[in-house]
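Each remark here refers to the structure printed beneath this line.
The values are calculated or read from the model by the stated rules, or taken from the named source; none is laboratory data. Just so you know, these numbers come straight off a predicted model, no measurement behind them. Reconstructed Cβ throughout: ideal geometry from the backbone, glycine too, with neighbour counts over all protein chains shown.
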Amino acid sequence: MRRLALIALPYIWLLALFLVPFLIVLKISLSDLALARPPYVPQWNFGDGWDALKAFFGSLDLENFVFLSEDDLYWRAYISSLKIALISTLITLLVGFPMAYGIARSPEEWRPTLLMLIILPFWTSFLIRVYAWMGILSKEGLLNQFLLWLGLIGEPLTILNTNTAVYIAIVYTYLPFMILPIYAALDRLDDSLLEAAEDLGCSRIQAFWLITVPLARNGVIAGCFLVFIPAIGEVIIPSLMGGSGTLMIGKVLWEEFFSNRDWPVASAVAIILLLILIIPIILFQRNEQNQREAER
């Protein structure tokens, strides 16, 4: 009974906060738009009886999903979100791996301070940090003023309201999620393996690629998933930093739900986005399971 109670608590938590909301969103995605409150039909009350329940399920349809397949706006938004998330994840990896490696190779007394500097931005509101980047990347911002002062440019660059600004904001925001798991993997690296490789004739660069990178693979995979999964559904960054040409599915979902008040279509968009995210989530869970089994 104790084991059952221990296991039941997280399952009840998942049931209440994931499965039930998912079923509600799924039901809305199979409904039709209506000028009412809530803005969809059909609706069913527990006191209507079984006949009403049968009629309720009979009135559900897949028209919203058919509409999404016929309108190329949504598919272009999904493809654009995947592209932005993949490129942002790659850039974050290229920036985060050297930082994690530098922290892992630094003296032990400096590592807590360096890790605190990585986590320090989380002490500030996410919106404040995004607005700060808007001030930095605008035409009158600090970056353009600095480049003009150096004489590297003759006129201010247009960075804000472009995909470049979206990439910069995503990389900055999710960089700690890449650094921390890579650092955790590199911190467990046995230095004697590198010394043995060098004694056997490997250069430092060869030892890095043959020893350090393979042993950091689990941290790299975890960091990539932790960046890619939230980046693909990002809403605030493309809304504030991206322009009219920046198309991401999170932004489309927000506009459908709050601006157009088309809850059924917005729910269908959310269901497809969740199905897309299930693949990296399953891969991430398998990687974590394989890592735990390897540590045993």
Set A185, A207, A197, A169: member being without any contact (Cβ under 8 Å) to a residue 40 or more places away in the chain, within 22 Å of L115 (Cα to Cα) and either under 16 Å from the mean Cα position of the chain (by Cα) or part of a helix (DSSP H, G or I) (or both): A185
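Among the residues of region 236-272, count how many are in a loop (DSSP other than H, G, I, E, B) and surrounded by 22 or more Cβ atoms within 10 Å (Cβ to Cβ). Walk me through it before giving the result.
Filtering region 236-272 for residues in a loop (DSSP other than H, G, I, E, B) gives 242-248, 260-262.
Right, trim to surrounded by 22 or more Cβ atoms within 10 Å (Cβ to Cβ) and you get 242, 248.
Of the residues in that region, 2 qualify.
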List every residue pair whose Cβ atoms lie under 7 Å apart, where the two residues are 6 or more positions apart in sequence or sit on different chains, the first residue falls within region 240-253 and is small (G, A, S), and the second residue, located anywhere, is in a loop (DSSP other than H, G, I, E, B). G242/N161; G243/N161; G243/T162; G250/G233; G250/E234; G250/V235
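Among the residues of region 239-262 satisfying the criterion of being hydroxyl-bearing (S, T, Y) and more than 20 Å from the chain's Cα centre (by Cα), which is nearest to W75 (Cα to Cα)? Spell out the reasoning first.
Start the filter on region 239-262 by keeping residues that are hydroxyl-bearing (S, T, Y), which leaves 239, 244, 246, 259.
Subset that is more than 20 Å from the chain's Cα centre (by Cα): 244, 259.
Values: S244: 17, S259: 20 Å.
Across region 239-262, the extreme among qualifying residues is S244.
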Considering only residues that are over 19 Å from Y78 (Cβ atoms) and modelled with pLDDT of 90 or more, look in region 222-235 and name the one that is surrounded by the fewest Cβ atoms within 10 Å (Cβ to Cβ). L226
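crowded, with 16+ Cβ neighbours inside 10 Å, more than 21 Å from V227 (Cβ to Cβ) and out of contact with any Lys or Arg (no Cβ under 9 Å at 6 or more places or on another chain): does that describe G141? Explain how you work it out, then say what you get.
Working: crowded, with 16+ Cβ neighbours inside 10 Å: yes; more than 21 Å from V227 (Cβ to Cβ): yes; out of contact with any Lys or Arg (no Cβ under 9 Å at 6 or more places or on another chain): yes.
Judged against the criteria, G141 is a match.
Between L120, L143, L114, which is over 21 Å from P176 (Cβ atoms) and assigned to a helix (DSSP H, G or I)?
Numbers: L120 fails: over 21 Å from P176 (Cβ atoms); L114 fails: over 21 Å from P176 (Cβ atoms).
Within the list L120, L143, L114, the selection yields L143.
From T164, T158, which residue is among the hydroxyl-bearing types (S, T, Y), closer than 26 Å to L86 by Cα and not in a helix (DSSP H, G or I)? Steps first, please.
Details: T164 fails: not in a helix (DSSP H, G or I).
Unique residue meeting the criteria: T158.
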Considering residues of region 74-122 that are without any contact (Cβ under 8 Å) to a residue 40 or more places away in the chain and of a type in the set (A, V, I, L, M) only, the residue surrounded by the most Cβ atoms within 10 Å (Cβ to Cβ): L114
So T246 clears everything in (1) closer than 15 Å to A85 by Cβ; (2) of a type in the set (S, T, Y); (3) modelled with pLDDT of 90 or more except one condition, right? Which one? (3)
Which listed residue, of A132, A104, A100, is small (G, A, S) and either under 20 Å from I236 (Cβ atoms) or touching a Cys at 6+ places or on another chain (Cβ under 7 Å) (or both): A132
